[in-house]
Each structure stands twice: as structure tokens, then as C-alpha cells.
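Beneath this line is the structure, given in C-alpha cells, with notes to follow.
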Amino acid sequence: MVSSGTSQNIVSARELGVVACRRCTKAWPLGTERCGRCGKALESRDPLSLQRVWAYWIMGVICYIPANLYPMLQTKTLFQSDESTIIGGAVELAHHGSFGVAAIILFASVVIPLGKFWAIAFLAISVRERTMVSKGMRQVLYEVVEYIGRWSMIDIFVVAILSALVQLKTLASINPGMASIFFALSVIFTMLSAQAFDSRMIWDVQAGNGARSRDE
Amino acid sequence: MKDFADIEPGLALDDLIVCPQCDAAYRFKKPGNGERAQCQRCHKTLVAPRRNAGLQIIAVAFAVLFLIVGAAYFPFLTIDAAGNTNAVSILDAALAFSGGPMIFLSLATAALIIFIPLVRVLLTLYVLIPIVLDRPAAKYAIPAFRLSEAMRPWSMAEIFAIGCAVALVKVADLANLGFGPAFWMFGILVVLVIAQDSFMCKWSVWYRLEHPKTS
């Protein structure tokens, strides 16, 4: 592929007076409203992008709170019935000596969701404020968040499989708790928030950012 | 094509390709089969044509179609503890959330692990078969491909498969577990879905939809 400049001086489509379709990569003159090839609405930089990011982000955070307060699983065995939250379940496992599994659960259900909230907030702030983190690093961060987002649904699928499978009449049964619905909503809103973020804004030079030299 | 009056003279829009991720513009030169064109700034793959990719994707899509239907129907895991047995299919797992607001979670789970992957396969076949046969594009092929691409992040069959592994580890010491036919079908399915996504060069499909063979 031949660059429109040298690799040190990549020209963005906007600087060329062109708006590109983010779905099919076709270029159109700036101001074209719809992509003539795939029909996607064209926007050189979406001014409402950040508002959508923050709206979904707030919904995700709000849903994450009851996800941790309500029980995730309700386990009934012969003699006792047990309800455990995400953190409670991990602590219980650690008491029984399964430190490895407890650590994995805490990592997947607590550290990763909180990390995603932090990362999206950081990215959304970094396109407005000056930051020390290079553009390349922020792009990598964005891709990691987008990639990991879907994988958080794994908790919900594990609950679904366990509840369907462990239905052994009186001996033992596992049922999903209220937390599962909030956890699923939190994951979905976080995914929508990451999708709403326009990653092209990372690469725009912000006034006073001085990041031009760190372009490559 | 609209007028190019206010754009650099000699720079036709058809010669440009723009990275959807970072907005870097490049003069377009089609890479050969097996090569890939990457954005130099953010390293996103822009174009990666493969020889016979269409045919391969169609073959894989048919296999995925049968596997999804089979995997949804056949028992998938069986559990055996002290004489109590239970066999579940993937649909049972998806519909495990029942009662009150949980029903929405059931519907969402079923959609994410069965229906969205299924619809994506059907749309892929609908769009690609006429292209590969060098026929004019199917009616509504463009919205169909658009829908298929929009569904991509919400197709979570492979995540469900890893979820099974986690669930197995959790129950393994409580009860005897057995694998039904659907478990193996689902394993193959995951590999095929990943292969299908990596064969697909979106740019090539859009290009062919825009320039259909008219014979």
C-alpha cells in the first residue's frame, strides 16, 4: 500500500477534505451525508460520540452496583440453601482453599469490568484533555477494551450452564440470582459505550497537546 | 460520483482508502492474493484478499449452519450424581433463566449463542453465493451484509464454548459429567466460526457488491 505521505507524515482523510465510511472504508467528499456504497451515515468526526459514550458508561456503572449486591447463584443442596454474591462466592472458595479459582473469578468479574470502566473513561477524557500517553498506546488500549468487552458475558453463560445442568431434584440444584440480569446489562452497556467511542478522535491533534511528534 | 472541485487535483476519491479506525488516508493499491494491506499508523488490516476466499467461506458457512442446528437440538452435557441424571441441550442452558424479569435474560442468551450466529451464517450465504457464482448481486445484498457486520460483536458462540469449560471445572468434583454429541459439534463450530471471520475480507465483499459482474 502506498501512503499518501511518508510514514512520518500520514495525512488524515479530514485534512484531505474527505469523509470516509467507517463501515466500508470508501471515501467521499466532505459533507456527503450517506455512503453511496453501503448506506452508512457519514460523519467526519461525530460530535455526539462522547455524549453517547458517557451515557452508556453511566448506565454500565449503575448496573454494575446491583450486580455485586444481589446474589449471582442460589445453590440448594440436601440440607441447606445458599445464596452467594460474586465477591462472596470467591471469598468462600478461598476459605475452602481454592485460591486459584477464587483469584480467577475475582479477576474476571471484578478487575476486568472495573478496568473497562476506567479505560473507557480515560479514553473519553484523553481526547479532550492533554495526556502523556501516546496515541499508539491509546489505540491499543481501545482495541483491548473492544476485544475484551464481549468476553465478560462468559460469567452469564457459566451461570446459565450451571443452572440448566445442576437440577438434580432434591440432591442439589443451582438457580440464577438477580445479579445475573444486572451483570448482563452492565456488560452490554459497556460494550455499547466502547462501540460509541470514535477512535479517530485519538489521532486528531488536540490544541496544546503537542503530540504531533509522538505520532509514530 | 460527486464533483471533486474542492479536492486536490488529480486525486480521485476512488484511489483513496481510509482507515476506519484512525482516519489515515492512503493511495489505494490492491494487494495481491494472500497479501494484506495494513494501516501504517494503527496497524488495522484494511484489505486482505485471498484466493478462493468466497468459496471457502461458503463451504464453512454450510458446515456452521448444520452444526448450529445440531448443537442446539442434541443433548450437550449430561450430569450424574448419586443416581440422579440430567441432560441439557444448549437451548435448555439458554432458557435456564426463567421467571419474572429473568425471561429477558433467557431471550438475550438464546439470541447471543444461537440465533445471531445462525442469522449471520444465513446472511453470509445469501450475500456471497451470487458473488462467487459471478452472478449479479442478490436483491438487498447490501443491507444484508450490513446487518451481518453489525451483528458481528454480538455473536458469542465461542464465548459460550469457553463458558462450558469453566462450568465443567466448577462441577467436575461434585458429579460425573458426560459430553453429548452437541458438545463436540459446538467445539468444531467455534473453530469454524473463527476461521470464517479470518477468511472474510470485508473490503473485497463491498467492492464486489459495488461492481457486480453483469453477465
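Worth a mention:
- Legend: mean number of C-beta atoms from other chains within 10 angstrom of residue C-beta atoms, peptide B:88-96, equals 5.
- Taken residue by residue and averaged, Cβ atoms of other chains lying within 10 Å of the Cβ of B:160-172 number 6.
- B:ILE188-B:ARG51 FRET efficiency (beta carbon distance; Förster radius 30 Å; 0.05 resolution): 0.80
- Counting, for every residue in B:29-38, the Cβ atoms of other protein chains within 10 Å of its Cβ and taking the mean gives 1.
- Chymotrypsin sites (Phe, Trp or Tyr not before Pro) restricted to the stretch B:119-174 and DSSP loop, no more than 15 other C-beta within 10 Å: B:TYR140
- Proximal aspartates and glutamates relative to B:LYS170, as straight alpha-carbon distance under 15 Å, when same-chain residues fewer than 8 apart are discounted: A:GLU92, A:ASP155, B:ASP80
- Here the 3J(HN,Hα) profile of the stretch B:87-95, calculated from phi with Karplus coefficients 6.51, -1.76 and 1.60 at θ = phi - 60°, is 10, 10, 9, 5, 4, 4, 5, 5, 8 Hz, Gly and Pro shown as x.
- Eligible aspartates and glutamates near B:LYS30 by straight Cα distance, threshold 19 Å, same-chain separation 8 or greater: B:ASP14, B:ASP15, B:GLU210
- In terms of the mean number of neighbouring beta-carbon atoms within 10 Å, the peptides B:53-61, B:194-202, A:29-37 order highest first as B:53-61, B:194-202, A:29-37.
- In the stretch A:66-144, GluC sites (Glu not before Pro) in a DSSP loop with at most 11 other beta-carbon atoms within 10 Å: A:GLU129
- R0 of 25 Å, Cβ-Cβ distance B:ALA165-B:ARG36: FRET efficiency to nearest 0.05: 0.20
- Radius ratio Rg over Rh of chain A, counting only Cα atoms, Kirkwood formula for Rh: 1.12
- Relative contact order computed over the stretch B:53-210 (Cα-Cα under 8 Å; 6+ residues apart), in percent: 37 percent
- At an R0 of 22 angstrom, the distance between the Cβ atoms of B:ALA12 and A:GLU15 translates into a FRET efficiency of 0.80.
- Computed from phi, the 3J(HN,Hα) profile of the stretch A:94-102 under the Karplus parametrisation 6.51, -1.76, 1.60 (θ = phi - 60°) reads 5, 4, 7, x, 8, 5, x, 5, 4 Hz, with x in place of Gly and Pro.
- Point-to-point label distance, A:LEU48-A:VAL144, nm (Cα→Cβ direction, 7 Å offset): 3.2 nm
- Proximal aspartates and glutamates relative to A:LYS116, as straight alpha-carbon distance under 15 Å, when same-chain residues fewer than 8 apart are discounted: A:GLU143, A:GLU146
- Computed over the protein assembly as shown, Cα set: Rg, Dmax in Å: 24.2, 82
- The base-10 log of I(q)/I(0) for the stretch B:53-210, evaluated at q = 0.13 Å⁻¹, reads -0.66 [Debye formula, identical scatterers on Cα atoms, solvent excluded].
- Relative contact order of chain A: 28 percent, from C-alpha pairs under 8 Å at least 6 residues apart in sequence.
- Phi to ³J(HN,Hα) by Karplus 6.51 cos²θ - 1.76 cosθ + 1.60 over the stretch B:81-86, Hz, x for Gly, Pro: 9, 6, x, 8, 10, 8
Values quoted throughout were computed directly from the atomic coordinates according to the rules given, and no laboratory measurement underlies them. This one's a predicted model, so the numbers in the text were calculated from it and none came from an experiment. Methodologically, a virtual Cβ is constructed for each residue, glycine included, from the backbone with ideal geometry; neighbour enumeration extends over all protein chains shown.
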